[in-house]
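Let me begin by presenting the structure, written as structure tokens, before commenting on it.
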Amino acid sequence: MRTLRNTKRRSLRPSNGKARVRTRRGLPNRSLVASIPRLFLYHRGLEDALREGTLVVTSHELAKRVGRGISSTQIRKDLSSLGTLGRRGQGYDVGMLVQKLAGILGLDRDWRIAIVGFGHLGRALATFLELREEKFHIAAIFDTDPNLVGTQWRGLTISHLDELERILPALACGIGIVTVPAAAAQLVADKLINAGIGALLNFAPTSLTLDAKVAVRSIDLASELSILTHHLA
């Protein structure tokens, strides 16, 4: 999984239409951006703890919940960069820390997503997000397949790609997901950005050439699997 391509991030629009830029004193907080994947894991672990009725957690206990080789020392270092959040020897207030991390990660609001390419992968991602992630909502679906265009998925009408730049600006989507063949990915990405999308999750096995202000995560499933086959070999 590749890292964010940009250091200057365009404001992402949540479902309420308000812009949000995550910077400190006008400049990107690069150390914070680097720790975002870990902060997300902490948030998920803390939410689980809160649901179980746990009110205070130490860094050692959180490390056990998170796993993935993340040490309690790393957790303390990451959380200390966010301010004074716990007391030595006493642990962290779970409820307060969940709210703090939610605000930093943008998980304190709902996000609207547009998916382009509604084949097997696009449909699977949409279903996963709707069933598993309560903060992310599919607001628009686009494709070029005549067997899909005009049909519905969970009450949403699948629109033709040619209609994207007309339809999307009114939907206040902040994130676009690209699940099209590599040859079409650049065209699709350009259309999404022109329609006001500020961040892309790209599953097409190709690199995208975009303005540095656009946040992009590219996931090449075959490349990720090759890491595993190399390990097995």
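The values are calculated or read from the model by the stated rules, or taken from the named source; none is laboratory data. Bear in mind the structure is a predicted one, so any value in this text is a computation, not a measurement. Using ideal geometry, Cβ is built from the backbone for each residue, glycine included, and neighbour counts are taken over all protein chains shown.
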Check: Within the group Leu187, Leu164, which residue is modelled with pLDDT of 95 or more and surrounded by fewer than 17 Cβ atoms within 10 Å (Cβ to Cβ)?
Finding: Leu187
Next item on the list: Take Thr179 and decide whether it is hydroxyl-bearing (Ser, Thr, Tyr) and either surrounded by fewer than 18 Cβ atoms within 10 Å (Cβ to Cβ) or more than 30 Å from Gly103 (Cα to Cα) (or both).
Entry: no
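Here are Arg109, Arg38: which of them is under 24 Å from Leu168 (Cα atoms), surrounded by fewer than 19 Cβ atoms within 10 Å (Cβ to Cβ) and in contact (Cβ under 8 Å) with a residue 24 or more places away in the chain?
Only one candidate passes the filter, namely Arg109.
Can you tell me which residue is farthest from Ala114 (Cα to Cα) among those in segment 205-220 that are among the small types (Gly, Ala, Ser) and in contact (Cβ under 8 Å) with a residue 40 or more places away in the chain?
Ala212
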